[in-house]
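Read the structure below first, then the notes.
The values are calculated or read from the model by the stated rules, or taken from the named source; none is laboratory data. These numbers were taken from a predicted model, which means no experiment stands behind them. Ideal geometry is used to build each Cβ from the backbone, glycine not excepted, and the neighbour counts take in all protein chains shown. Heads up: the accessible areas ignore ligands, DNA and RNA and are worked out on the full protein's heavy atoms, side chains in. Shrake-Rupley method; radii C 1.70, N 1.55, O 1.52, S 1.80 Å.
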Amino acid sequence: MILIRALAAALLISIAARARAATVWECYVYNPVASLPSVQAIVRLIDSVKKQTNGELEINLHLGGSLPIKATDITAAVGDNVVQLGDDGFATGTIPITAILRLPMLLQSEQDLTKAMAILRPHLDEAYGKRGIVVLGQYAYPFQVIWGKKKITSLADIKGLKLRVTSVEQGEFVRRFGGVSLPLGSPDVAAALDRGVVEGVFTASSGGGLTWHDLLKYRYGFPTSYVNSTIVVNREAFEKLPPPSQKILRDAAATSADWATAEMQRVEDDVTAQFGKEGMVLTAATPEDIKEATEKLRPYWDEWASKHSTEAVAILKEIRTAVGR
């Protein structure tokens with residue numbers, strides 16, 4: 001009897017200790033497909049944190065569309081502690097300064113992107129901080145190019161097409177070449193293509209291309225812009241973690257974000273080539289196309305910044321100086 005009581009007491013102590021030790025968070029991402037590199041980066045983050053904290057911080061992953069949270073509402077969901085961790089790729093409405101990296105034709109190389117992301121980072125920290133959110137890392141997809149169910153092999157083919165865009169800024173590119181744009185979060189794209197709500201999309205091969213290529217026939221490799229995403233955490237939840245766990249989370253998120261950017265760039269060309277082998281019509285942009293679009297969109301950069309804030313004007317100036325554009 002004494003032994004049984006001792007074992008029962010030990011079991012209760014063990015259960016209580018585990019209950020006290022384990023912190024369980026929820027994480028929401030906008031992508032609905034777990035195999036995408038951007039989602040795999042979050043999986044790597046979650047696994048690393050669990051291992052390094054010895055299970056003291058566990059994070060449950062929810063794919064895009066699995067919770068009643070729109071892609072555009074992830075900022076609010078994290079700020080309100082509905083979910084503690086988020087992959088925030090559609091924040092241009094809530095954190096407008098994020099869109100500066102998406103201005104069409106402003107950034108035209110990986111080197112441009114790296115410089116611009118570094119310039120933007122402190123401003124992201126400040127903007128998210130006002131909403132009770134801590135920025136843990138940021139990553140970016142390869143160039144967003146134009147895909148179509150109908151023929152799209154030149155800038156002239158944009159005219160009259162209904163194209164899904166990820167931001168107002170991409171929509172402006174479409175408008176200036178005579179197309180019709182429709183902003184859609186990732187979980188809504190497949191159905192919109194299937195029903196003919198849109199006739200094409202802006203995405204990268206290693207992003208939405210992996211998910212939607214079966215619904216598309218043409219890939220016009222025109223480098224319109226990059227799309228960035230920010231890994232964010234609710235500040236109150238973050239500050240409740242022990243300092244060592246905070247550092248583990250920060251380091252894991254930064255490493256995973258860097259991995260996502262590098263991995264998507266690494267596989268982009270191979271994935272594109274595979275689509276071509278499967279019958280997709282692949283067309284490369286010409287230098288003349290790129291020059292034409294750059295000149296057409298150049299005035300928009302200053303228009304965009306002036307409509308937003310003096311901070312946006314200053315950041316744009318710094319980025320343009322850094323990239324020589």
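On inspection, VAL233 does not qualify as open to solvent by 20 Å² or more (accessible area, probe 1.4 Å), farther than 22 Å from ASP289 by Cβ, at pLDDT 95 or above and not in a helix (DSSP H, G or I). Note on the stretch 28-141: enclosed helices (runs of 4 or more DSSP H) holding 1 or more residues that are over 30 Å from SER309 (Cβ atoms) and open to solvent by 50 Å² or more (accessible area, probe 1.4 Å) are 37-52. Residues in the stretch 172-186 that are open to solvent by less than 50 Å² (accessible area, probe 1.4 Å), at pLDDT below 95 and not polar (S, T, N, Q): LEU184, GLY185. Residues that are under 19 Å from GLY171 (Cα atoms) and basic (Lys, Arg) within the stretch 292-325 comprise LYS296, ARG298, LYS307, listed in sequence order.
Mind counting the residues in the stretch 255-271 that are open to solvent by less than 40 Å² (accessible area, probe 1.4 Å) and over 30 Å from PHE173 (Cα atoms)? Final tally of qualifying residues: 1.
Determine whether GLY129 is at positive phi and at pLDDT 95 or above. Judged against the criteria, GLY129 is not a match.
Does LYS150 count as surrounded by fewer than 24 Cβ atoms within 10 Å (Cβ to Cβ) and over 30 Å from LEU249 (Cβ atoms)? Considered against the rule, which asks whether it is surrounded by fewer than 24 Cβ atoms within 10 Å (Cβ to Cβ) and over 30 Å from LEU249 (Cβ atoms), LYS150 comes out as yes. Is it the case that some residue within the stretch 272-280 is modelled with pLDDT of 95 or more, in contact with a Gly (Cβ under 9 Å, 6 or more places away or on another chain) and on the phi < 0 side of the Ramachandran plot? Scanning the stretch 272-280, I find at least one residue that is modelled with pLDDT of 95 or more, in contact with a Gly (Cβ under 9 Å, 6 or more places away or on another chain) and on the phi < 0 side of the Ramachandran plot, so the answer is yes. The residue that is modelled with the lowest pLDDT, counting only those in the stretch 91-114 that are among the small types (Gly, Ala, Ser) and within 21 Å of ASP80 (Cα to Cα), is GLY93.
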